[in-house]
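Novice: Following this message is one structure expressed as structure tokens.
The values are calculated or read from the model by the stated rules, or taken from the named source; none is laboratory data. Predicted model, so just to flag it, every value in this text is computed and none were measured. When we count neighbours, we look across all protein chains shown, and the Cβ atoms used for this are built from the backbone with ideal geometry, even at glycine. Only protein heavy atoms, including side chains, enter the accessible area calculation; ligands, DNA and RNA are left aside. Shrake-Rupley method; radii C 1.70, N 1.55, O 1.52, S 1.80 Å.
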Amino acid sequence: MSQTYQTLRLILGDQLNAGHSWYSIKDEGILYVIAELNQETSYVKHHVQKVCAFFAAMKAFAVALQKAGHNVSHLTLDDTHQFATLPELLNSLIARYGIAKFEYQLPDEYRLREQLSAFCAQIDIESGAYESEHFYLSDSELSSYFSAGKKHRLEAFYRKMRVRFNILMDGSTPFGGEWNFDSNNRNKLKQKDLSEIPEPLVFANDVSDIWERLQRHQVRTFGTYEANSLWPITRAQAKELLCSFCETQLPKFGFFQDAMTCKADDMYTKKQWSLYHSRLSFALNSKIISPQFVVDTVVAYFMQHQQEIDIAQVEGFVRQIIGWREFVRGIYWVNMPQYAGLNELDAKRDLPDWFWDGKTHMNCQKHAVKQSLDYAYAHHIQRLMVTGNFCLIAGIDPRQVDDWYLGVYIDAIEWVEMPNTRGMSQFADGGIVGSKAYAASGNYVNKMSDYCSDCQYDIKSVAGHNACPLNSLYWHFMDTHEGKFSSNPRNRMVYANWRKKAPEQRALIMEQAAFYLDNLNKL
């Protein structure tokens with residue numbers, strides 16, 4: 001007969017927080033369960049590197065807990081494949097081990113939180129839910145900062161967070177005299193800058209056994225498989241990556257945080273995919289490392305190296321974590337489940353086929369999509385202003401956009417993905433997240449990257465042979481939604497320029513856009 005335990009505690013794949021109060025004491029009556037699950041590999045099709053990284057991190061965390069003296073059951077797909085859902089597995093474990101109490105940490109995805117809440121309501125043993133103890137703001141505090149359906153703005157929230165948690169503050173005023181140095185962080189990488197881009201620190205975690213398991217159980221994935229995962233799967237690796245970021249990328253992080261290039265690689269070094277970004281988002285979103293630890297470490301390093309690093313570099317990084325990351329989480333939870341169905345612009349077109357293979361003639365899209373498929377990663381401007389912008393101005397169904405972003409990126413968990421995609425990127429929420437639709441012509445891509453110089457499309461042409469598709473699609477989008485956007489002061493100049501064009505020129509642009517919209521798969 002199996003050993004019995006008093007309590008079963010579930011640890012999900014994005015709850016790998018070694019600092020949680022659960023682990024402060026050892027109790028022989030508690031069994032911790034970490035399980036690979038069919039339902040988590042199939043609710044959306046995932047990038048193979050994402051699945052491998054999460055499964056490898058889960059195994060590493062189970063080993064670490066065991067070494068710390070806890071009872072842990074790490075179940076692979078070989079152990080759980082007969083269970084279609086998480087509740088089926090839990091019921092089996094409760095019966096097997098004679099469990100009298102079930103406990104879990106509040107999931108950060110609505111579907112899982114609802115599933116576990118419903119499960120606890122129907123079992124006849126005691127149950128309890130705990131905070132994940134990861135974020136700056138607890139679950140119970142979110143309603144104090146956010147209201148359902150209300151339009152919220154990052155800057156006001158960000159300032160409150162800076163003050164409350166005393167981050168980069170000089171008494172009651174912001175360190176450096178300004179709250180936000182974003183205007184300093186919009187620089188393009190010039191030719192002379194390319195050789196100075198640091199080579200990224202990557203890891204070599206063997207995931208070949210996981211790959212074999214995924215094939216054995218016919219798990220559908222996409223993207224480029226790598227036998228050695230380059231992502232940090234332990235706290236030690238995450239701290240090493242953080243240290244490397246402080247030393248090699250932080251000095252220019254803010255300055256080039258919006259830049260893109262396709263000319264920095266050579267046959268020996270691949271660095272244009274990473275540039276000056278920390279790539280800590282997987283470790284953060286799986287909770288291997290805490291946002292407070294990351295922010296405290298970066299700020300402390302900055303304070304000790306102010307001769308080499310200016311405030312604009314560190315403020316831009318801090319804003320992403322205590323500002324944007326906490327902000328979108330609040331937006332998600334106060335607006336779910338209604339948020340998942342929002343489609344303010346009534347976008348209905350299908351995602352082009354080249355999002356799955358990168359085979360497009362648009363150089364900017366090709367590089368952003370191919371990088372995403374090769375590394376399960378793209379930085380925020382590639383996501384927002386390259387692939388995201390294309391989907392916005394082409395009117396792609398936000399559900400399909402959501403599914404692609406949720407599946408392709410190593411750090412994508414619904415709480416962070418959906419407000420970024422459906423809200424900030426696609427304006428499907430009607431402005432709950434952003435004050436305007438982040439639509440742009442090819443000029444933005446040309447301003448922030450070197451993609452356009454090698455593109456078969458002409459960045460300077462709006463209509464005609466080989467005209468950049470982004471140009472006519474942008475004007476078509478703005479014209480189509482003039483009723484929604486023209487009253488926004490930030491769009492006043494846009495519509496003034498549109499009206500200045502001769503009627504026949506506007507007609508030609510709209511005709512060009514209609515042609516491209518009818519041929520999205522061939523662009």
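Novice: Give the range 160-214 a look and list any residue that's closer than 30 Å to T76 by Cα and free of Cβ contacts under 8 Å to residues at least 40 places away in the same chain, or say none.
Specialist: Correct list: V202, F203, A204, D206, S208, D209, E212.
Novice: I'd like to check something: does the range 36-50 contain any residue that is open to solvent by 20 Å² or more (accessible area, probe 1.4 Å), in a loop (DSSP other than H, G, I, E, B) and touching a residue at least 40 places away in the same chain (Cβ under 8 Å)? Working first, answer last.
Specialist: Here is the first cut: in the range 36-50, the ones open to solvent by 20 Å² or more (accessible area, probe 1.4 Å) are 38-40, 42-43, 45.
Checking which are in a loop (DSSP other than H, G, I, E, B) leaves us with 43, 45.
Pick out the ones that are also touching a residue at least 40 places away in the same chain (Cβ under 8 Å) and you get 43, 45.
Within the range 36-50, one or more residues are open to solvent by 20 Å² or more (accessible area, probe 1.4 Å), in a loop (DSSP other than H, G, I, E, B) and touching a residue at least 40 places away in the same chain (Cβ under 8 Å).
Novice: Can you give me the number of residues within the range 150-175 that are at negative phi, open to solvent by 80 Å² or more (accessible area, probe 1.4 Å) and not basic (K, R)? Walk me through how you get there before you give the answer.
Specialist: So the first thing to find is which residues in the range 150-175 are at negative phi, and the list is 150-165, 167, 169-170, 172-175.
Within this subset, residues satisfying the condition of being open to solvent by 80 Å² or more (accessible area, probe 1.4 Å) are 150-151, 153, 159-160, 163-164, 170, 172.
Narrowing the set further to residues that are not basic (K, R) leaves 163, 170, 172.
Residues meeting the conditions: 3.
Novice: Looking at the range 215-243, which of its residues are part of a helix (DSSP H, G or I) and open to solvent by 20 Å² or more (accessible area, probe 1.4 Å)? Working first, answer last.
Specialist: Start the filter on the range 215-243 by keeping residues that are part of a helix (DSSP H, G or I), which leaves 215-216, 235-243.
Selection gives Q215, R216, R235, A236, Q237, K239, E240, C243.
Novice: Right, next: Mind checking which helices (runs of 4 or more DSSP H) fall wholly inside the range 71-144 and carry at least 2 residues that are of a type in the set (S, T, Y) and closer than 26 Å to L284 by Cβ? Steps first, please.
Specialist: Details: elements: 77-80, 86-97, 110-122.
Ranges flagged: 110-122.
Novice: In the range 99-115, what residues are charged (D, E, K, R), surrounded by fewer than 20 Cβ atoms within 10 Å (Cβ to Cβ) and under 24 Å from the mean Cα position of the chain (by Cα)? Before the answer, list the steps.
Specialist: Initially, the range 99-115 is screened for residues charged (D, E, K, R), giving 101, 103, 108-109, 111, 113-114.
Checking the rest, the ones that are also surrounded by fewer than 20 Cβ atoms within 10 Å (Cβ to Cβ) come to 101, 103, 111, 113-114.
Of everything in the range 99-115, those that are charged (D, E, K, R), surrounded by fewer than 20 Cβ atoms within 10 Å (Cβ to Cβ) and under 24 Å from the mean Cα position of the chain (by Cα) turn out to be R111, R113, E114.
Novice: I need a count of the residues in the range 155-200 that are among the aromatic types (F, W, Y) and assigned to a loop (DSSP other than H, G, I, E, B).
Specialist: Number satisfying all stated conditions: 3.
Novice: Quick one: which residue in N466, N491 is exposed (fewer than 15 other Cβ atoms within 10 Å of the Cβ) and in contact with a Phe, Trp or Tyr (Cβ under 7 Å, 6 or more places away or on another chain)?
Specialist: Values: N491 fails: exposed (fewer than 15 other Cβ atoms within 10 Å of the Cβ).
One residue alone meets the criteria, N466.
Novice: Would you point out the residue of the range 464-477, among those that are under 10 Å from Y516 (Cβ atoms) and small (G, A, S), that is farthest from the chain's Cα centre (by Cα)?
Specialist: The extreme case among them is A467.
Novice: Of everything in the range 272-288, what is in a helix (DSSP H, G or I) and out of contact with any Asp or Glu (no Cβ under 7 Å at 6 or more places or on another chain)? Give them in sequence order.
Specialist: Within the range 272-288, A283, L284 meet the criteria.
Novice: Another question, if that's okay. Residues E178, E212, E199: which one is among the acidic types (D, E) and either within 22 Å of T297 (Cβ to Cβ) or crowded, with 19+ Cβ neighbours inside 10 Å (or both)? Working first, answer last.
Specialist: Details: E178 fails: either within 22 Å of T297 (Cβ to Cβ) or crowded, with 19+ Cβ neighbours inside 10 Å (or both); E212 fails: either within 22 Å of T297 (Cβ to Cβ) or crowded, with 19+ Cβ neighbours inside 10 Å (or both).
Answer to the check: E199.
Novice: If I ask for residues that are under 17 Å from S92 (Cα atoms) and of a type in the set (S, T, N, Q), which ones from the range 3-25 would you list?
Specialist: Q3, T4, Q6, T7, listed by residue number.
Residue-by-condition table, conditions (1) over 30 Å from T269 (Cβ atoms); (2) out of contact with any helix residue (DSSP H, G or I) (no Cβ under 8 Å at 6 or more places or on another chain):
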residue: F119; (1), (2): yes, no
residue: E126; (1), (2): yes, yes
residue: Y145; (1), (2): yes, no
residue: G149; (1), (2): yes, no
residue: L154; (1), (2): yes, no
residue: F175; (1), (2): yes, no
residue: K188; (1), (2): no, no
residue: Q191; (1), (2): no, yes
residue: L194; (1), (2): no, yes
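Novice: While we're here: Please verify whether the range 372-395 includes one or more residues that are part of a helix (DSSP H, G or I), without any contact (Cβ under 8 Å) to a residue 12 or more places away in the chain, in contact with a helix residue (DSSP H, G or I) (Cβ under 9 Å, 6 or more places away or on another chain) and of a type outside the set (S, T, N, Q). Spell out the reasoning first.
Specialist: Narrowing the range 372-395 to residues part of a helix (DSSP H, G or I): 372-375, 380-394.
Applying the additional criterion that residues be without any contact (Cβ under 8 Å) to a residue 12 or more places away in the chain yields none.
No, the conditions are met nowhere in the range 372-395.
Novice: Still on this structure, please answer the following. Would you point out which residue out of L168, L194, L201 is among the aliphatic types (A, V, I, L, M) and touching a Leu at 6+ places or on another chain (Cβ under 9 Å)? I'd like the intermediate steps shown before the answer.
Specialist: Numbers: L168 fails: touching a Leu at 6+ places or on another chain (Cβ under 9 Å); L194 fails: touching a Leu at 6+ places or on another chain (Cβ under 9 Å).
So the residue among L168, L194, L201 that is among the aliphatic types (A, V, I, L, M) and touching a Leu at 6+ places or on another chain (Cβ under 9 Å) is L201.
Novice: Can you tell me which of (1) over 28 Å from T261 (Cβ atoms); (2) hydroxyl-bearing (S, T, Y); (3) open to solvent by less than 30 Å² (accessible area, probe 1.4 Å) is the one S425 doesn't meet?
Specialist: Only one criterion is unmet by S425, namely (1).
Novice: Would you mind stating whether G483 is open to solvent by 30 Å² or more (accessible area, probe 1.4 Å) and out of contact with any strand residue (DSSP E or B) (no Cβ under 7 Å at 6 or more places or on another chain)?
Specialist: Details: open to solvent by 30 Å² or more (accessible area, probe 1.4 Å): yes; out of contact with any strand residue (DSSP E or B) (no Cβ under 7 Å at 6 or more places or on another chain): yes.
In short, yes.
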